[in-house]
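Accompanying notes for the structure given below.
The values are calculated or read from the model by the stated rules, or taken from the named source; none is laboratory data. Quick caveat: nothing in here was measured; it's all calculated off a predicted structure. So basically every Cβ, Gly included, is an ideal-geometry build from the backbone, and we count neighbours across all protein chains shown. Quick note on the areas: whole protein, heavy atoms, side chains included, nothing else; ligands and nucleic acids left out. Shrake-Rupley method; radii C 1.70, N 1.55, O 1.52, S 1.80 Å.
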Amino acid sequence: MAEQRLRRLGVAVLAVASLAASGVTASAQSYNFAAVQQDLENSRFLHGGIEIYHRGRMVYRSPFGNWNNANINRPYDVASVTKTYTVAIAMAVDGDTTVDFDINGRVGSYITEAGGWNSDFSTGAANPIRIRHLMNMTSGIRFMTPTLLPFANVQTAAQCQGSEVVTLTRCVELLIRQPRDRPEGATSGPPAAPGTQFDYSGANHTVLALALLRVVNASRLQRGLAPYGTFTEVARDYLFDPCGLNGNLRRDLSRDPTVLNPDPGLPAFADRFGTRYRHEGGEAAGGGIEVSLHYGALFGEILRTGSCSRTVGQTVVTSEILTAAQRGLMQSNQISGLEDFDREPGGGDGGARPDVTWPSGLPRSYGYGLWRSDYPNPPPYATYFGIGAFGAHVFYSPDLELSGFLMLNDETLVTGAIPDSVALMTRILPKIQTAVTQ
């Protein structure tokens, strides 16, 4: 009860031992997050947590609802924030001079089977799908087939995304063999030209993951190094290891096919303070990432600053993950005027899934892996988001030198979770901005 009273007063309830182990300290500057904490406590969500950074220092960290510090130290599924992680990893690979990778390159150049699976991916096509089309979800690759077959052993594109048993290569093959989306309102005819139509789909990131695995392995073989077996290893090499984000990884689930759909609440993981990965199949191939609140917030700082630091022995090692140009590209306005996650109804995807409409006030444009919104606090502050279905939000504002992570873990209330969590973000972000600018 005492802890809950402190939360309502906006006092950060920190897990001191965990923070000391991670090398993070809270800022000495005074901040008042009482209004933010009150909105979290009064929300429809039963539990969650938030961690906020300002000018490179943690300034607030607290659970809310029926969660405590032990809960927010566990890793939870970030769902579609995986897309943001995967795009960031692709940018990091693009910056590696030892790897022949270009975000303007054709998908068929990196996945040689693509031309045979679907002529739209042929390297000789007039309008080929390029890597950047995967990154901003304008490739036209469908999210899933209209019919979900209820048999676990039937390998369809509808089931390979998020599957623990379908291999990454097989999943991409199934995804690419599907007809691509047609232009808005069209019920027949050719697919929309790549780059012309936004359609929110994790299939893009599954294909992107295989392209990254292939191109990184080609470079490793040329340098006499053993190829990686999974995208997990690429993610570690280019993001998690340099930033020390998986120092407490329990085990690599992608190498254990007997572990299916692991429950993040199992006792074996209850005391972990780190990052976990799921099997290489499906959207999990685009990361399959589960993080604790703290490591989610550190990812927000990486997106904001492009760099991260970790302690090796007595030495602090700083790594550049994203250049200023790459961060600018991720933040660039690629698609404007979006009212929801999907394009408007009436397109060529057969009505496989409903639109999820944004509440008023949150992102209307999309860049590469990031949503963008300009908040009305004068002057308007550009804020960028990665948004996940279970209420995971990574967010940052270069203007305010602000970043953070909101974890709601709404896995039992999936219906409406996205618009409700976005609406909550709409309410608390101006208050966060007020707290750091007072």
When restricted to Phe151, Phe64, Phe101, Phe143, the only residue out of contact with any strand residue (DSSP E or B) (no Cβ under 9 Å at 6 or more places or on another chain) and modelled with pLDDT of 90 or more is Phe101
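To keep it simple, each residue is scored yes or no on (1) in a strand (DSSP E or B); (2) at pLDDT below 85.
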residue: Leu362; (1), (2): no, yes
residue: Asp374; (1), (2): yes, yes
residue: Pro379; (1), (2): no, yes
residue: Phe385; (1), (2): yes, no
residue: Gly404; (1), (2): yes, no
residue: Gln433; (1), (2): no, no
residue: Val436; (1), (2): no, no
Sort out which residues of the range 88-130 are aliphatic (A, V, I, L, M), farther than 30 Å from Leu303 by Cα and not in a helix (DSSP H, G or I), and write them in order of number.
Ala125, Ala126
If you scan the range 154-180, which residues turn out to be closer than 26 Å to Trp371 by Cα and modelled with pLDDT of 80 or more?
Val172, Leu175, Ile176, Arg180
Contact list, first residue from the range 326-337 and closer than 18 Å to Thr305 by Cβ, second anywhere and assigned to a strand (DSSP E or B), beta-carbon distance below 8 Å, six or more apart or interchain, is Met330/Tyr384; Gln331/Arg372; Gln331/Ala382; Gln331/Tyr384
Which condition breaks for Tyr110 when tested against (1) within 21 Å of Glu233 (Cβ to Cβ); (2) touching a residue at least 12 places away in the same chain (Cβ under 8 Å); (3) more than 23 Å from the chain's Cα centre (by Cα)?
(3)
Within the range 192-202, is even one residue under 17 Å from the mean Cα position of the chain (by Cα), closer than 16 Å to Ile111 by Cβ and not charged (D, E, K, R)?
no
Those residues that are open to solvent by 20 Å² or more (accessible area, probe 1.4 Å) and not in a loop (DSSP other than H, G, I, E, B), I need them from the range 178-216; list them, please.
Arg214
Report whether or not Ser62 is part of a helix (DSSP H, G or I), without any contact (Cβ under 8 Å) to a residue 60 or more places away in the chain and among the hydroxyl-bearing types (Ser, Thr, Tyr).
no
